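The values are calculated or read from the model by the stated rules, or taken from the named source; none is laboratory data. Predicted model only: the values in this text are computed from it and were never measured. Please note: Cβ atoms are built from the backbone with ideal geometry, for glycine as well, and neighbour counts cover all protein chains shown.
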Amino acid sequence: MKNLKIAIQKSGRLNEKSVQLLKNCGLDFENYKSSLITTVNNFNLEILFLRDDDIPGYVAQGIADLGIVGENVIDESQEKVTYLQRLGFGRCTLKIGIPKDSTIQQLQDLQGKAIATTYPNILQEFLAEHNLSAEIRQISGSVEIAPGLGLSDAICDIVSTGGTLKSNGLKPFADVRRSEAILIGREELTENPILCELLQRVQSVLRAKE
Ligand code: ATP
Ligand code: ZN
């Protein structure tokens, strides 16, 4: 049978837990060192090690059959993929943060303001749901310094402890969406026997954790 391909994060916050989950499923493979693709020795599966941002697109295009990636990244990518299983790790919340001394007090106060983010699509959707229009300033990182530099009135970014907000003179203001790691698949894959076996193993690993 043809091997399936699963894309996981090469390095970063989801890498270790993604590798651990696959190992706990009984899969025997070499972890990422310099090779970006590895074959599982005892299962019909190849593992691709990628930047997380590229995973939804690879899966949507069928270059990978499966992927493990955060919901925030899936949503932002706007790629069409199937949710196969919520994985319970990589939990975080995308929030709007404002300067400690900001005059912004309620959501309506965001109207017409400038908001810096690396998540323009998710932010746009959130604003539309609340009938707000704001100026979205898309930047690619270090979002928390934008208000202090005068680039924006607020930010929208992933917050876990709030430490980064605080040390940049910001405070959390509103939750935009929660996120956790998800096992995704391409859309036509549902009846594949390799996937069924893998999915059963993933689910029993998750059940054993409960
Ligand atoms: P890559 O190099 O693969 O693009 P990255 O720097 O974009 O990595 P990471 O910081 O490794 O991404 O985060 C990967 C994912 O982990 C996030 O997209 C999110 O789903 C999840 N996550 C969980 N907790 C946090 C957190 N405190 N901060 C940021 N992301 C978090
Ligand atoms: Zn990324």
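Annotations for the structure displayed:
- There is no residue in segment 130-152 that is touching a residue at least 40 places away in the same chain (Cβ under 8 Å) and aliphatic (A, V, I, L, M).
- Residue count for segment 1-59 satisfying the condition of being small (Gly, Ala, Ser) and within 16 Å of the chain's Cα centre (by Cα): 5.
- Residue within segment 54-61 that is within 12 Å of ligand 1 (Cβ to nearest atom) and surrounded by 21 or more Cβ atoms within 10 Å (Cβ to Cβ) present: yes
- Close pairs from segment 1-21: first closer than 18 Å to Gly57 by Cα, partner at pLDDT 95 or above and in a loop (DSSP other than H, G, I, E, B), Cβ under 6 Å, at least 6 apart: Leu4/Asp65; Lys5/Ala64; Lys5/Asp65; Ala7/Ala64; Leu14/Gly90
- Qualifying residue in segment 184-198 (condition: of a type outside the set (S, T, N, Q), within 16 Å of ligand 1 (Cβ to nearest atom) and at pLDDT 95 or above): yes
- Scanning segment 1-45 for residues that are of a type outside the set (A, V, I, L, M, F, W, C), away from ligand 2 (no atom under 14 Å from the Cβ), assigned to a strand (DSSP E or B) and within 19 Å of Gln85 (Cα to Cα) gives a single hit, Lys5.
- Looking only at segment 32-45, residues that are within 17 Å of Ser11 (Cα to Cα), touching a residue at least 12 places away in the same chain (Cβ under 8 Å) and either of a type in the set (Val, Ile, Thr) or surrounded by 13 or more Cβ atoms within 10 Å (Cβ to Cβ) (or both) come to 2 in all.
- Elements of type strands (runs of 3 or more DSSP E) contained in segment 50-103, each with 2 or more residues being of a type in the set (A, V, I, L, M): 66-70, 92-99
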